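Beneath this line is the structure, given in structure tokens, with notes to follow.
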Amino acid sequence: MPPAEPLLRIRPSLRSFAGLYIVLGLVCVAIWWLGATFDTGLSPLVIAVAGPIPLLIGIAYSWLVRLGAEYRLYQESLEIETGLVSRNIDNLQLFRIRDLRLRQSPLGRLLGVGDVNVTSTDQSTPHLVIRGVAAPRALYDALREGVATSQATRRTMIVEEEPPS
């Protein structure tokens with residue numbers, strides 16, 4: 001039997017790196033300004049080429065992060081695949097999820113990106129942060145509904161332990 005098609009497939013959004021792009025753009029402008037203002041002894045061509053190097057490194061980094069992580073939501077589980085050269089796949093059963101949390105910074109709200117924090121009873125993945133996803137509310141709602149359905153289907157409930165006094 002072929003594996004089920006995921007309900008949702010998501011990667012980190014390039015928009016989640018907007019703050020990095022802004023800072024590195026300012027560094028680029030600062031390099032150009034410093035090179036034009038002070039006598040550095042360097043050729044203007046060298047300064048013009050050196051300016052955007054930090055920004056290009058930041059763009060390459062964000063693409064590598066995006067390519068190196070993928071999250072797939074299935075009916076009963078959340079699959080986390082990470083890595084570029086070597087691959088690591090973690091599988092988190094939805095009935096094990098205890099808590100979900102959505103975080104968005106002010107810039108993230110403007111750009112429609114955010115983080116979803118997952119707390120579970122799973123031994124290998126007790127805390128998972130799904131970083132920088134576009135439309136994080138849709139992922140949060142899909143996870144919440146999937147967790148409720150999975151727990152109802154398995155007839156599981158979470159028992160809170162009181163800490164020893």
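Every number in this text was worked out from the coordinates using simple rules, so none of it is lab data. Remember, it's a predicted structure, so these values are computed and weren't measured experimentally.
A few notes on this one:
- Per residue of the chain, the DSSP helices (runs of n ≥ 4 H) give a summed -39500 (n - 2.57) that works out to -13000 deg cm²/dmol at 222 nm.
- Top of LEU73, LEU84, LEU45 by mean-square fluctuation, Gaussian network on the chain, Cα under 10 Å: LEU45
- Rounded to 10°, Cα long-axis angle of helix 136-154 versus longest principal axis of the chain: 20 degrees
- When every Cα-Cα distance of the chain is counted in 5 angstrom steps from zero, the calculated P(r) takes the values 2, 8, 13, 15, 14, 12, 9, 8, 6, 5, 4, 3, 2, 1, 0 percent.
- To the nearest ten degrees, helix 53-67 and the longest principal axis of the Cα atoms of the chain are 20 degrees apart.
- Normalising the average separation of contacting C-alpha pairs (under 8 angstrom, six or more residues apart) by the number of residues puts the relative contact order of the chain at 22 percent.
- Debye log10 I(q)/I(0) at q = 0.21 Å⁻¹ for region 102-144, Cα point scatterers: -0.64
- Helix 18-37 vs. the chain, principal-axis angle (Cα, 0 to 90°, nearest 10): 10 degrees
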